[in-house]
Structures are given as structure tokens and as C-alpha cells.
Amino acid sequence: SQTIHQWPATLVQPVGSPLSLECTVEGTSNPNLYWYRQAAGRGLQLLFYSVGIGQISSEVPQNLSASRPQDRQFILSSKKLLLSDSGFYLCAWNLQVNYGYTFGSGTRLTVV
Amino acid sequence: AQTVTQSQPEMSVQEAETVTLSCTYDTSENNYYLFWYKQPPSRQMILVIRQEAYKQQNATENRFSVNFQKAAKSFSLKISDSQLGDTAMYFCAFMNNNNDMRFGAGTRLTVKP
């Protein structure tokens with residue numbers, strides 16, 4: 001069966017520090033991968049998606065970047081965090097359109 | 001661009017009663033997919049139910065069912081026999097054939113004992 005792993009679960013980082021969040025999918029090949037951000041009490045904002053290794057599409061230009069170095073690995077990064085980068089980050093994957101997305105357990109990022 | 005609207009930011013229901021969450025969407029496409037996701041306090045996003053637009057029959061998953069009105073572009077979620085564990089944020093989502101999923105702003109549901 002397919003599983004998605006996302007870590008770390010919680011992260012507190014100072015302003016100006018780098019960021020690396022990792023997401024890995026097991027049990028499938030060539031998944032579509034997604035990074036979402038959710039501000040407190042609000043909806044989901046799509047940040048990046050990837051349909052294959054090295055293929056990254058950005059929805060919102062900002063302080064973050066994404067990479068897909070391996071088929072089932074998706075990384076969200078920043079060189080210098082801003083206070084506004086605080087939020088809950090969710091990774092998701094799918095294969096077929098009609099099955100929707102399966103989400104990871106999320107990372108709560110607090111920039112201080 | 002497709003948009004998804006959830007007009008009820010918050011709702012509450014007594015345990016064992018029935019509640020309906022509203023969702024409308026806007027699209028010019030004929031074939032698409034609709035979903036309801038549940039986000040409990042743990043913030044894990046859990047798929048509750050899905051509906052394919054070309055199917056007229058409303059989807060049902062145990063206590064959860066939908067009322068899909070394609071002409072009205074409406075996709076409401078009905079929760080029967082509400083349980084305390086149903087307390088969560090509920091997100092309506094629309095997906096087109098390009099795998100592009102859009103979410104509504106969510107409805108916070110509280111089930112009261």
C-alpha cells in the first residue's frame with residue numbers, strides 16, 4: 001500500500017535561517033506531488049506541484065522553492081525565512097485524477 | 001478559473017443529529033470531480049467522500065452523503081447521526097481533468113454533546 005511521510009512534524013526557526021522540509025511517498029511510482037500552505041484557521045494555498053523528477057511548477061512567487069531530486073521525494077526549501085512563512089505545510093500526492101489527493105501529516109512551522 | 005465557495009465559516013450540531021454543509025463551485029467544464037475533506041484538530045487532511053460529475057447518483061459513505069446538483073453547481077455534504085469525532089474543519093474541493101484541485105475556505109463544524 002502507498003504511504004506518504006512528511007517531516008519534521010514541528011519546526012521553530014529564527015528569521016533569516018534556511019528551511020528544508022521533506023516529503024516521501026512509498027509504494028508507488030511517478031506520483032504527482034504537491035506542497036500546500038495553510039495559515040491558521042484558513043484554507044489551503046497551493047505552493048508547488050511536480051509531475052516528474054526535476055519538473056517543478058510554482059503557483060505563487062515567494063520566498064520558497066521546491067525540488068524533486070528523486071521520483072518519490074519532494075523538498076520545500078528557503079534560503080532565508082521570513083515571519084510570514086509561518087504556517088502549516090502539507091505535502092500531497094496522487095496518480096489518477098478521480099482519486100483526489102492523499103495528504104501527509106503536515107509540518108507546523110513557526111518563524112520567530 | 002474554477003472557484004469553490006463554502007458560505008458557512010462555522011456550524012454546530014448536537015450529537016446524533018444531522019447537519020448539512022454547503023458548497024458551490026464555478027466551472028465551465030463538463031467533466032470534473034468533487035471531494036469533501038475533513039481536517040480534525042490533528043490537522044491531518046482526510047478524504048471523506050468523492051463524486052464524479054458524470055455520475056448522477058449521489059455518493060454515500062456510511063454516515064456521510066452528498067447532494068450533487070450539477071446544474072446548480074452545488075455539492076453539499078450531509079452528516080447523519082453526528083458524533084463527537086466529527087468535530088473538524090471540512091473542505092470542499094474541485095478537481096478538473098488536468099489534475100488541478102481547488103479548495104474552498106472551509107467550514108468549522110462543532111458537534112456538541
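Quick one: in segment B:67-83, of everything that is under 23 Å from B:TYR32 (Cβ atoms) and open to solvent by less than 10 Å² (accessible area, probe 1.4 Å), which residue is nearest to the chain's Cα centre (by Cα)?
For segment B:67-83, the residue satisfying everything is B:LEU77.
Just the residues that are in a loop (DSSP other than H, G, I, E, B), in contact (Cβ under 8 Å) with a residue 40 or more places away in the chain and open to solvent by 50 Å² or more (accessible area, probe 1.4 Å), please, taken from segment B:2-30.
Of everything in segment B:2-30, those that are in a loop (DSSP other than H, G, I, E, B), in contact (Cβ under 8 Å) with a residue 40 or more places away in the chain and open to solvent by 50 Å² or more (accessible area, probe 1.4 Å) turn out to be B:PRO9, B:GLU15, B:ALA16, B:GLU17, B:THR18, B:GLU29.
Residues that are in contact (Cβ under 8 Å) with a residue 40 or more places away in the chain, assigned to a strand (DSSP E or B) and open to solvent by 70 Å² or more (accessible area, probe 1.4 Å): does segment B:84-99 have at least one?
no
Could we say that B:ALA59 is open to solvent by 10 Å² or more (accessible area, probe 1.4 Å) and touching a strand residue (DSSP E or B) at 6+ places or on another chain (Cβ under 7 Å) here?
Considered against the rule, which asks whether it is open to solvent by 10 Å² or more (accessible area, probe 1.4 Å) and touching a strand residue (DSSP E or B) at 6+ places or on another chain (Cβ under 7 Å), B:ALA59 comes out as yes.
Find the strands (runs of 3 or more DSSP E) located wholly in segment A:28-112 whose residues include 3 or more that are within 14 Å of chain B (Cβ to nearest Cβ) and either touching a residue at least 24 places away in the same chain (Cβ under 8 Å) or open to solvent by less than 20 Å² (accessible area, probe 1.4 Å) (or both), and list them.
Filter on segment A:28-112 gives A:32-38, A:44-52, A:87-94, A:107-111.
Across segment B:33-48, which residue is most open to solvent (accessible area, probe 1.4 Å) among those that are in a loop (DSSP other than H, G, I, E, B) and more than 9 Å from chain A (Cβ to nearest Cβ)?
Initially, segment B:33-48 is screened for residues in a loop (DSSP other than H, G, I, E, B), giving B:40-45.
Then drop every residue that is not more than 9 Å from chain A (Cβ to nearest Cβ), which leaves B:40-41.
Values: B:PRO40: 25, B:PRO41: 112 Å².
Looking at residues that are in a loop (DSSP other than H, G, I, E, B) and more than 9 Å from chain A (Cβ to nearest Cβ), I get B:PRO41.
The values are calculated or read from the model by the stated rules, or taken from the named source; none is laboratory data. On a predicted model such as this, the values are computed, not experimentally measured, just so you know. Positions of Cβ are generated from backbone atoms using ideal geometry, with glycine treated the same way; all protein chains shown enter the neighbour counts. Protein only, heavy atoms only, side chains kept; ligands, DNA and RNA dropped before computing areas. Shrake-Rupley method; radii C 1.70, N 1.55, O 1.52, S 1.80 Å.
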